[in-house]
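The values are calculated or read from the model by the stated rules, or taken from the named source; none is laboratory data. Here the structure is a predicted model, which is why all the values come from computation and not from measurement. Neighbour counts run over all protein chains shown; Cβ positions are idealised from the backbone, glycine included. Only protein heavy atoms, including side chains, enter the accessible area calculation; ligands, DNA and RNA are left aside. Shrake-Rupley method; radii C 1.70, N 1.55, O 1.52, S 1.80 Å.
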Amino acid sequence: MDPLALAFLPGIGPKRLLEALTQEEPLAFLRERFPEVVSLYPEAERRAEGERRRAESLGIRILGLWEEDFPESLRRLPQPPTHMYLRGALPPEERAVAIVGTRKASPWALGFARRLARELAEAGLWVVSGLARGIDREAHLGALEGGGRTLGVLGSALDRVYPPEHRPLAGRMDLVSEFPLGTGPKPEFFPRRNRLIAGLARAVLVVEAPLDSGALITAKHALELGKEVLAVPGRPTDPASLGANRLIQDGAYPVLEAGDVLSYLGFSPKPKAPPELSPEEAALYALLSQGEALPEDLAQAAGLPPERVLSLLALLEIKGLARALPGGRYGPG
């Protein structure tokens, strides 16, 4: 009996699937209750065989709810996936933090999410997110910059990465999806994706999110699963921050730096030697630490030629201490 073929039968959800698999004769058990469905089993069996062959050719593992190493936290979902498609590995739940937020993030939030993910990865944590535009993308990039692992949970099949411009990034990450191969993205898939993000991480951290953000759905799933929820405060008058601010009002732990996350979850940052800076670099970094600025303003404040400031900014970017922002501005890395 092929469990994957049973999972492909219409109307056989996770509860019925597991119940059937405990029987000595799963098909006979199902035939008594759903005779019209069981008649489709030969077709489902052929589909399962084809799906396995295609997955194997793409380096993808199909992980079933009936297998011992299926994540226990996902089993506890009200509606767990019957099976998932995995490329790479799943993180240990106790060392995974989900970083989520709006697709239309502000420059400060993008930079903060990336720096936060980088420092969490440097401390040995996995970063989980949804590979979407905005906060998700920066979280994945930051984790990779920190030399860590990052898991992308997709709202499409693993062979239909969305958005398409993130395919090169996806090639550097671990990926998981519950959607069959060849399935493209649909709006209704992303809330389903969000419950997996919450289930696969020990904590969910919302960086920037308006009140209608899908990130709040992820936070809601986390709370229902007994997971920790953290949030980065934003300006009270900024609509893009209302969702994160409301989470803090409701009890989410406020995060101002990576150390807040690590200490709250009981981890210690790995000590690292600060990069060596020339006197000019140190002076320019001190100015950047005061807030975003244009290169010409930095040149005037530092008393340096504009072309020299641009060279120094490039060096600080390489060292992870500066970041180019939209509009030609720079901020701390």
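When region 122-131 is filtered for residues that are crowded, with 24+ Cβ neighbours inside 10 Å and among the hydrophobic types (A, V, I, L, M, F, W, C), the ones remaining, listed by number, are LEU125, TRP126, VAL127, VAL128, LEU131. Candidates in region 1-29 are the residues that are assigned to a loop (DSSP other than H, G, I, E, B) and over 24 Å from PRO78 (Cβ atoms); of these, the one that is most open to solvent (accessible area, probe 1.4 Å) is GLU24. The set of residues in region 177-218 that are of a type in the set (A, V, I, L, M, F, W, C), without any contact (Cβ under 8 Å) to a residue 40 or more places away in the chain and under 17 Å from ALA132 (Cα atoms) comprises PHE189, LEU216, ILE217. Taking each residue of region 118-134 that is within 14 Å of GLU257 (Cβ to Cβ) and looking for partners that are among the polar types (S, T, N, Q) and surrounded by fewer than 24 Cβ atoms within 10 Å (Cβ to Cβ) with beta-carbon atoms closer than 9 Å, six or more apart or interchain, yields ALA123/SER268. Based on what the data block shows, is GLY327 within 30 Å of the chain's Cα centre (by Cα) and open to solvent by 60 Å² or more (accessible area, probe 1.4 Å)? Criteria met by GLY327.
Within region 286-295, not a single residue is closer than 19 Å to ALA117 by Cβ, open to solvent by less than 60 Å² (accessible area, probe 1.4 Å) and of a type in the set (A, V, I, L, M, F, W, C).
Residues that are outside any loop (DSSP other than H, G, I, E, B), open to solvent by 10 Å² or more (accessible area, probe 1.4 Å) and free of Cβ contacts under 8 Å to residues at least 60 places away in the same chain within region 139-165 comprise LEU141, LEU144, PRO164, GLU165, listed in sequence order.
Which condition from (1) free of Cβ contacts under 8 Å to residues at least 60 places away in the same chain; (2) under 25 Å from VAL128 (Cβ atoms) is the one that SER57 breaks? SER57 satisfies every listed condition except (2).
Can you tell me which residue in region 229-254 is surrounded by the fewest Cβ atoms within 10 Å (Cβ to Cβ), limited to those that are assigned to a helix (DSSP H, G or I) and in contact with a Pro (Cβ under 8 Å, 6 or more places away or on another chain)? My answer is PRO239. Being within 24 Å of PRO269 (Cβ to Cβ), modelled with pLDDT of 95 or more and among the small types (Gly, Ala, Ser) is a property that holds for ALA121.
Considering only residues in region 94-115 that are under 13 Å from the mean Cα position of the chain (by Cα) and in a helix (DSSP H, G or I), the one that is surrounded by the most Cβ atoms within 10 Å (Cβ to Cβ) turns out to be ALA113. Within region 282-333, which residues are more than 18 Å from GLU145 (Cβ to Cβ), outside any helix (DSSP H, G or I) and in contact (Cβ under 8 Å) with a residue 12 or more places away in the chain? Across region 282-333, the qualifying residues are SER289, GLY291, GLU292, ALA293, LEU294, LEU304, ARG329.
For every residue, the table says whether it meets (1) modelled with pLDDT of 95 or more; (2) in a helix (DSSP H, G or I); (3) farther than 19 Å from ARG160 by Cβ.
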site	(1), (2), (3)
ARG31	no, yes, yes
VAL37	no, yes, yes
GLU49	yes, yes, yes
GLU56	yes, yes, no
TRP66	no, no, yes
ASP69	no, no, yes
PRO80	no, no, yes
TYR85	yes, no, no
LEU90	yes, no, yes
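Flag not set for GLU257, criterion: in contact with a Lys or Arg (Cβ under 7 Å, 6 or more places away or on another chain) and open to solvent by 60 Å² or more (accessible area, probe 1.4 Å). Can you find, within region 302-314, the residue that is nearest to GLU119 (Cα to Cα) among those that are open to solvent by less than 70 Å² (accessible area, probe 1.4 Å) and out of contact with any strand residue (DSSP E or B) (no Cβ under 7 Å at 6 or more places or on another chain)? Checking each candidate, the answer is ALA314.
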